[in-house]
Each structure stands twice: as C-alpha cells, then as structure tokens.
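> Just dropping this structure here.
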Amino acid sequence: MGLADLSSTLWRVREMLDLLLFKLEEEQLVLAAGKTRWLPHATREVEMVLEQIRRAEILRAAQVDEVAAELGLPPAPSLAALAEAAGGPWAELFTQHRTAFLTLTAEITALAEANRELLTVGSRAVHEALMNVTGSVATYGRSGETVTAGRSSRLVNEAM
C-alpha cells in the first residue's frame with residue numbers, strides 16, 4: 001500500500017461523508033414536513049452510513065500509519081503533515097482532501113444541529129399537546145424521579 005491506496009480510501013470516505021450529508025438532509029425534510037412515520041427509516045439510513053464511515057475510518061487510519069512510516073513521520077499524522085512530507089502532486093491532492101473534509105464536516109455538523117433542533121421543537125409540541133389533552137404530563141425531576149407537571153395558567157392575547 002502507498003499513497004495511491006490512501007488517496008483512493010480518502011475518496012471513498014469523502015463519498016460516504018457526502019452520502020451522510022444527503023441522508024441528514026432527507027431526515028431534515030421528513031422532520032420539517034412532520035412525516036414522523038418515516039423518521040425511523042430516515043434515522044436508520046443515517047446510522048447505516050455512519051457505520052460504513054466507521055469501517056472506512058479504520059482502514060484509513062491503518063493506511064495513514066503505513067504511509068507515515070514510509071515517509072518517516074510519526075503515527076497518525078494529519079493530512080497537512082502527509083501533504084508536506086509527500087511533496088509533488090500528492091501534496092496538492094492531500095491538501096484538496098483536507099479542504100473537502102473540513103467543508104463536509106462543517107456542513108454535516110450544521111445540519112445535524114438543525115435536525116436536533118427540529119426534533120426538540122417536535123418533542124416539545126407533542127409534550128404540550130399531551131398536557132392540553134390530559135391536563136398533566138409526567139416528566140423527570142432533578143434527581144431522576146418522575147414528577148407530574150400540572151396545568152398552568154396561560155395568558156392569551158385576544159387581539160391576535
């Protein structure tokens with residue numbers, strides 16, 4: 001194995017991260033549309049892609065260590081360090097991989113956070129709807145015990 005094998009693995013990881021971004025966008029569309037029936041399927045697909053990425057990362061880490069040894073670098077160097085040590089066209093390619101990983105990671109992080117917010121808002125809406133229907137909802141207190149939240153007074157602006 002060498003630089004070419006590592007670059008191929010990095011391409012595969014980039015493709016998987018791009019697929020993860022797509023699956024997170026699908027999940028967001030399901031959440032935004034309120035189609036909770038499909039949420040378990042969308043979430044399962046995200047988890048499947050994450051598992052593929054984990055497996056690819058193990059291979060990538062092994063290849064990086066092997067290439068690092070060939071280049072005289074310590075184990076687990078960064079892509080920037082690999083690019084510098086490899087020189088020539090490999091330096092540019094590894095720099096491009098690094099830039100793409102940083103961009104994809106930022107996009108994935110932002111989308112995952114937005115999905116978390118949508119889930120929180122949806123959960124809060126269900127919680128409030130249950131409270132309106134039943135008059136109370138069981139929640140957890142500070143020490144983990146179950147507590148019942150009773151109905152509270154509400155101020156309604158009739159001008160709206």
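> For Glu107 and Glu26, calculate 0.36 nm times their separation in residues minus their Cα-Cα distance, and state this gained length in nm to one decimal.
27.7 nm
> Related question: If you average the C-alpha positions of region 94-123 and of region 34-57 separately, how far apart do those two centres end up, in angstrom?
Distance between centres, Cα-based: 14 Å.
> Continuing with the same structure: Once R0 is set to 25 Å, what does the formula 1/(1 + (r/R0)^6) return for the Cβ-Cβ distance between Trp11 and Trp38, expressed as a FRET efficiency to the nearest 0.05?
Values: r = 31 Å, r/R0 = 1.23.
So, using R0 = 25 Å, E works out to roughly 0.20.
> Over region 3-141, one equal point on each Cα, no solvent: what is log10 I(q)/I(0) by the Debye formula at q = 0.14, 0.20 Å⁻¹?
Each listed q corresponds, in turn, to -0.74, -1.12.
> Another one. Efficiency by 1/(1 + (r/R0)^6): what FRET value for Gln96 and Ile53, r their Cβ-Cβ distance, R0 = 22 Å, to the nearest 0.05?
E(calc), rounded to 0.05, equals 0.70.
Taken together, the values in this text are just the output of simple stated rules run on the coordinates, not laboratory data. Because the structure is a prediction, the values reported are computed rather than measured. FYI the Cβ positions are ideal-geometry reconstructions off the backbone, even for glycines, and counts take in every protein chain you see.
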